[in-house]
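Down below is the structure, laid out as structure tokens.
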Amino acid sequence: MSLFKNYKSGLESVLSRSGQSLQKGWSSPYVLLNESTKTFSSVPTTIEPNSKTILDFDSNQLQKYFGPNKYSFDKVTIGNHPDFEYLEENQMLKHHCVSMFIDIKGSTRLALKYSLEEVRLIKDTLLTLCINVVSHFGGHVHRLQGDAAFVQFVRKDSNPSDSIINALNAASVLCQAVSEDLSSAFVNYGLDPIKIRVGIDYGSDEEVMWSHYGIANCNELTTTSLHTDLAAKLQHKASVNSIRIGKNLVDAIEMKEDYISTPRIIKNGEYVDDRYIIQSPDFSYRQFDFNWKKYLNSFSFYKQNGSGKLEIFDNPFTLKAMVYQPEKEYNSSLYFENSYAILKGRLIKYQLMYNGSEYHRKHYETITWEAYNYGKEAVKAKDLHHNFERKFVNKTHCIAHAGYQGNHYLKCTIKRTHSDNIILKFPIYVDDEWDSDIDIKSLLN
């Protein structure tokens, strides 16, 4: 199953109509959309002349699997970031930001086969998908230019780790949707597949300054930062259907080495490492390719099909995670996989579920729980893997402690005597900061 089946159907509806229902010279591209409602129900039945809606975006699938995002805006806008609009034209503010540049390639030659109205529909459909996906994950679209978008992942006084996680989740979802789902629609109609390239970098509070550029009534509130500039450069150097990131992201969330690699280029006829996005005697800065396919495959609901492409898979067995402070389980909150960085000191209760209800163990089953930790702190504590001293064997729940920064996962195994075992994994992020409301000494004693 695809997250954005409606977008692929909508694109195919447009691509299949060239020279049929839509004739070049028609004044309104919405004639095509109004006709396509016969086969594509999510397109509005009437579209106002000044409307920018191409395909209705159904956020239910994103919310179902990735959860609602506390950083998303109530209203989608473009331009000046809503959280910093209060800054006067002569004011400046230092505040962290994750900058993302997205570029969609492959639409240039569309005009050779399709009318301008159709080209506009296709390109706007792709940009609409980008806008809606990044908006769901708390990103703000600062600028659109051609087939590209500049997005800022930040909320005032928010946790920088959460901004990085949101950016990686959004970019990964987009890369999968464009390269594996939507591009096939183009191929099916004799076109080159569309491609996507993403560059992301993170600047800390000391490395990013927000201010206005321009003159009165003709200015823009944006960031001044090497890392904003480098995000654009990273996007330009990224290969097709890939994400290239700066070292700050890797360091800030203790990113797993499994998900990153050093880019390679051909030099003098040989492949060599391309380690730096910028290199000088005074300053050198590492770049990495982020393996979005391997990352998404760590989520329990993504599986690779026979052709190697990722698909959404609904398993009747799932794990539900609730996060809470010690002795305050009554005030717990639902945690979706890799959705944000859990503060150290908090507890996570994992509940084994079946078709949305708590599971009851069968007499012939053995249930075991294991935690697999990652990062420097877990290595130092020699706690990369543990089984909770078998405390939760044959129980349908497990309680873990968020103690080490990094990207970890919990594994639940249901061993059955006469059938295949069931293995469930649940990935989480843990922040580098402790929950200030928790008595750390009492936890460590």
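The values are calculated or read from the model by the stated rules, or taken from the named source; none is laboratory data. Just so we're clear, the structure is a prediction, and the values are computed from it rather than from any experiment. In this analysis, Cβ positions are derived from the backbone assuming ideal geometry, glycine residues included, and neighbour counts consider all displayed protein chains. These accessible areas exclude ligands, DNA and RNA; they are computed on the full protein's heavy atoms, side chains included. Shrake-Rupley method; radii C 1.70, N 1.55, O 1.52, S 1.80 Å.
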Checklist entry - Can you give me the Cα centroid spacing of the stretch 228-254 and the stretch 386-445 in angstrom? => result 31
Next on the checklist: Students often forget the sequence filter, so: which aspartates and glutamates lie under 14 Å Cα-Cα from residue 64 once same-chain residues fewer than 8 apart are removed?
Outcome noted: 314, 337
Checklist entry - Which loop trypsin sites (Lys or Arg not before Pro) in the stretch 319-370, with loop taken from DSSP, have no more than 11 other Cβ atoms within 10 angstrom of their Cβ? => result 362
Next on the checklist: What aspartates and glutamates does residue 237 reach when the alpha-carbon gap must be under 19 Å and sequence neighbours fewer than 8 apart in one chain are set aside?
Outcome noted: 103, 147, 201, 229, 270, 273, 274, 289
Next on the checklist: Exposed loop sites here are GluC sites (Glu not before Pro) in DSSP loop states with at most 13 other C-beta atoms within 10 Å. What is the longest stretch of the chain lacking them?
Outcome noted: 207-326
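For residue 266 and residue 370 in one chain, what is 0.36 nm times their gap in residues minus the Cα-Cα distance, to one decimal in nm? Kindly include the intermediate steps, with their values, before the conclusion.
Details: separation 104, 0.36 × 104 = 37.44 nm, distance 4.31 nm.
Here the answer is 33.1 nm.
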Checklist outcome for this item: Ranked by GNM mean-square fluctuation in the chain (Cα springs under 10 Å), the top entry among 269, 79, 345 is 269
Checklist outcome for this item: Reduced to Cα centres, the span from the stretch 297-346 to the stretch 138-198 in Å works out to 22
Next on the checklist: Quick check on my link table: of 123/267; 294/376; 8/309; 256/309; 105/233; 256/395, which ones sit more than 26 Å apart, alpha carbon to alpha carbon?
Outcome noted: 123/267; 256/395
Next on the checklist: If I model a spin label as a point 7 Å beyond the Cα along the Cα-Cβ vector, how far apart are those points for residue 85 and residue 220 in nm?
Outcome noted: 1.8
Checklist entry - Mean separation of Cα pairs under 8 Å and 6+ residues apart, divided by the residue count of the chain: what relative contact order is that in percent? => result 13
Checklist outcome for this item: SASA check, residue 228, accessible area w/ 1.4 Å probe, all protein chains in place, rounded to nearest 10 Å², comes out at 10
Checklist entry - In the chain, which whole DSSP H runs stretch at least 27 Å along their own axis (Cα) and average -0.5 or higher on the Kyte-Doolittle scale? => result 116-136
Next on the checklist: Need the list of lysines near residue 156 for cross-linking: C-alpha distance under 21 angstrom, and skip anything on the same chain fewer than eight residues off.
Outcome noted: 70, 75, 94
Item to check | Range of Cα positions in the stretch 146-298 per principal axis (Å), largest first | outcome: 49, 40, 34
Checklist outcome for this item: Checked against the positive end of the charge dipole of the stretch 151-258 (+1 on Cβ of Lys and Arg, -1 on Cβ of Asp and Glu, about the Cα centre), the farthest of 236, 152, 183 is 183
Checklist entry - What residue among 331, 394, 159 has the largest mean-square fluctuation in a Gaussian network model of the chain, using Cα springs under 10 Å? => result 331
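Using unit Cβ charges (K, R positive; D, E negative) and no other charged atoms, how large, in debye to the nearest 20, is the dipole of the stretch 199-317 about its Cα centre? Please list the in-between numbers first.
Details: 13 positive and 17 negative charges, 117 e Å.
The calculation lands at about 560 debye.
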Checklist outcome for this item: Checking 350, 189, 271 against a Gaussian network model of the chain (alpha-carbon springs below 10 Å), the top fluctuating residue turns out to be 271
Item to check | Burial order of peptide ranges 288-295, 96-103, 59-66 (average beta-carbon count within 10 Å, highest first) | outcome: 96-103, 288-295, 59-66
Next on the checklist: Ignoring everything except DSSP H segments at least 4 long, calculate the 222 nm mean residue ellipticity for the chain; use -39,500 (n - 2.57) per segment, divide by total residues, nearest 500.
Outcome noted: -6500 deg cm²/dmol
Checklist entry - Which value, in Å², gives the accessible area per residue of the chain when a 1.4 Å probe is used on the protein heavy atoms? => result 49
Checklist entry - What is the stretch 61-191's relative contact order, in percent, from Cα pairs under 8 angstrom and six or more apart in sequence? => result 31
Checklist outcome for this item: Per residue, the convex hull enclosing the Cα atoms of the chain spans a volume in Å³ of 210
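Could you tell me the relative contact order of the stretch 335-420? Use alpha-carbon pairs under 8 Å, at least six residues apart, and round to a whole percent.
Normalised by residue count, the contact order of the stretch 335-420 is 41 percent.
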